[in-house]
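A short write-up of the structure that comes next.
What follows draws every value from the coordinates through simple rules; no lab data is involved. In this text the structure is predicted, and so the values were computed from the model without any measurement. All Cβ positions, glycine included, derive from the backbone under ideal geometry; neighbour counts span all protein chains shown.
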Amino acid sequence: MGLKEKVMQVAAGLFVERPARAKSLGAWKAVLEADGVAVDQRAAAAQDPLQASKVLRHISGIERWGQRRLKIFLGEPPIHDEYNDYRPGADLTLDEQRAFFRQTRAETVALAVRLQAAGIGDDARSPHNDFGPLSVRGWLRYLDSHANIESKKIR
């Protein structure tokens with residue numbers, strides 16, 4: 001493992017995994033629901049619909065990519081890919097991008113419920129391309145914080 005990978009894994013431990021452990025999967029479900037509404041409301045109030053659409057497209061693509069990584073905990077085979085193929089179409093209107101994001105977030109919430117029901121423990125890990133292996137709660141924290149941070153770019 002190179003220096004970059006070690007630094008990224010340390011960062012993931014501090015900024016993703018540690019805060020993720022503070023909440024149960026049930027609590028993460030509630031956070032994802034509430035923060036999803038906030039992201040959608042921010043997009044609904046956008047003064048620049050084209051820019052807001054681009055941001056939502058990125059957020060949704062990352063979230064769908066992360067969902068695939070979460071499904072590894074439920075038995076799907078591990079995969080190493082990029083988020084590009086998970087993004088919605090670039091030609092969608094802002095309203096269509098918002099609907100796509102809402103559906104994507106609802107699927108993430110549903111996955112959190114399935115993962116909780118499956119009793120996946122904190123020792124289980126699924127790979128992130130940059131941060132290395134993350135726990136279920138780490139993945140949920142990552143997806144939620146990514147959407148929150150990126151949505152602040154909506155003007």
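For the reader, a short list of remarks on this structure follows.
- Crossing angle, helix 94-118 versus the chain [Cα axis fit, 0-90 degrees, rounded to tens]: 20 degrees
- Close amide H contacts of Leu134 (hydrogens built in the peptide plane, cut-off under 5 Å, sequence separation of 5 or more or a different chain): Ser126, His128.
- Helix 136-151 and the longest principal axis of the C-alpha atoms of the chain enclose an angle of approximately 30°.
- The chain: relative contact order in percent, alpha carbon pairs under 8 Å with at least 6 residues between: 42 percent
- Given the choices (i) 131; (ii) 146; (iii) 107, volume of the Cα convex hull per residue in Å³ derived from the coordinates of this structure is entry (iii).
- Normalised by the number of residues in segment 3-93, the average gap of Cα pairs under 8 Å and 6 or more apart makes the relative contact order 26 percent.
- Computing FRET efficiency as 1/(1 + (r/R0)^6) for Leu92 and Ile149, where r is the C-beta to C-beta distance and R0 is 25 Å, gives about 0.70.
- Neighbourhood net charge (14 Å Cβ-Cβ; Lys/Arg +1, Asp/Glu -1) for Arg18: +2
- On Cα atoms only, tilt of 3-12 relative to the major axis of the chain in degrees: 80 degrees
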